[in-house]
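Inspection log for the structure reproduced underneath, given as structure tokens.
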């Protein structure tokens with residue numbers, strides 16, 4: 001967390017209230033520059049499921065970043081951000097007929113996730129440019145829920161089925177411009193990518209030259225991008241591909257964001273707790289994936305304690321962090337949960353009829369509100385208004 005950003009968080013919490021998502025635009029820009037330095041002229045399609053806030057999307061698109069959409073709603077967000085057709089890829093294993101129609105109307109790229117998906121694309125978006133998503137069948141170093149390149153996962157076409165998928169798609173009038181892979185998220189072991197890229201490159205001998213190689217994203221926050229970029233370019237070269245595409249998501253935005261939360265109380269069972277006003281409805285990753293997020297005290301003083309940070313939900317799993325060391329937290333103290341720029345706001349819910357927090361961005365040394373906090377009236381409108 002940048003010191004300039006950290007020094008302004010108390011101000012943000014006082015003005016916008018807590019819980020609050022706060023983002024640092026300087027960090028997002030820095031991450032984008034890092035990936036462009038490493039990968040050169042590769043085209044970047046931000047995996048917007050990490051954080052689909054329109055304020056972030058519009059700023060990224062102004063820097064010539066495209067988008068990977070995995071739902072019809074995300075597709076519309078990409079269009080609202082100002083993205084051109086060539087800046088959008090429609091991905092996902094369960095696309096709706098309307099999704100194909102919209103992609104066809106706009107002229108966006110479509111990623112085929114199954115051998116027989118070509119038939120629906122040919123019907124609803126005839127003549128589209130498509131990529132085949134390949135499942136390399138690897139065990140990768142991440143949580144099972146985040147592994148998408150395993151042989152048992154629901155994603156992609158098996159290696160042995162790729163030639164037939166290409167043939168069927170082309171026979172139906174679709175233009176197969178390349179192959180796509182995405183082996184998982186929060187990948188830390190470089191060997192996972194090396195093995196996957198080697199298997200992808202072997203397909204070049206069977207399906208021939210293609211215009212595009214899309215290596216997806218998913219690399220961990222501490223991943224060394226330079227050797228990975230070299231491997232990706234080598235894989236692309238094996239197809240004679242003119243373009244290398246990337247789909248970073250969490251890597252671009254996670255470290256730019258914090259979840260600000262206020263201490264509501266202290267309690268002791270067999271464990272030592274600080275109960276705070278943010279929980280699983282604002283950050284579900286610790287409960288869902290066992291994800292670990294650092295926590296910092298922004299105004300705490302006193303001796304260090306080891307404690308758990310517990311959310312307010314009536315759920316035993318509603319714990320944001322375990323065994324953290326903080327200056328003795330007191331009621332009213334402000335805590336910052338780190339690396340909350342990705343999969344915090346995007347996965348937030350109104351569980352327990354809780355308002356989704358506001359989202360703010362520090363830009364040009366000023367906080368800009370990107371999303372206001374839900375009101376109770378907004379949350380209940382669909383139930384209180386007359387139904388058709």
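Of 115, 65, 70, 27, all but one fail to be surrounded by 17 or more Cβ atoms within 10 Å (Cβ to Cβ), assigned by TED's automatic domain parsing to the domain that holds residue 167 and touching a strand residue (DSSP E or B) at 6+ places or on another chain (Cβ under 9 Å); the exception is 115. Of everything listed in (1) out of contact with any helix residue (DSSP H, G or I) (no Cβ under 6 Å at 6 or more places or on another chain); (2) assigned to a loop (DSSP other than H, G, I, E, B); (3) surrounded by fewer than 21 Cβ atoms within 10 Å (Cβ to Cβ), the single unmet condition for residue 317 is (1). Number of residues in the range 270-313 that are at pLDDT 95 or above, surrounded by fewer than 15 Cβ atoms within 10 Å (Cβ to Cβ) and outside any strand (DSSP E or B): the value is 2. One residue stands out in the range 332-365 among those that are in a helix (DSSP H, G or I) and touching a residue at least 40 places away in the same chain (Cβ under 8 Å): the one that is surrounded by the fewest Cβ atoms within 10 Å (Cβ to Cβ), namely 352. The single condition from (1) assigned to a loop (DSSP other than H, G, I, E, B); (2) in the same structural domain as residue 297 (by TED's automatic domain parsing); (3) in contact with a helix residue (DSSP H, G or I) (Cβ under 8 Å, 6 or more places away or on another chain) that residue 260 fails is (1). Checked across the range 220-242, the condition of being on the phi < 0 side of the Ramachandran plot, in a strand (DSSP E or B) and either in contact with a strand residue (DSSP E or B) (Cβ under 9 Å, 6 or more places away or on another chain) or free of Cβ contacts under 8 Å to residues at least 60 places away in the same chain (or both) holds for no residue.
All conditions in (1) within 24 Å of residue 69 (Cβ to Cβ); (2) assigned to a loop (DSSP other than H, G, I, E, B); (3) modelled with pLDDT under 85 hold for residue 216, with the sole exception of (3).
The conditions of being within 13 Å of residue 262 (Cα to Cα), touching a helix residue (DSSP H, G or I) at 6+ places or on another chain (Cβ under 8 Å) and assigned by TED's automatic domain parsing to the domain that holds residue 262 are met by residue 334.
Sort out for me the strands (runs of 3 or more DSSP E) sitting completely within the range 1-98 that have 1 or more residues that are farther than 16 Å from residue 341 by Cβ and in contact (Cβ under 8 Å) with a residue 12 or more places away in the chain.
Hits in the range 1-98: 43-47, 66-69, 88-90.
The values are calculated or read from the model by the stated rules, or taken from the named source; none is laboratory data. Not measured: the values here are computed from a predicted model. In this analysis, Cβ positions are derived from the backbone assuming ideal geometry, glycine residues included, and neighbour counts consider all displayed protein chains.
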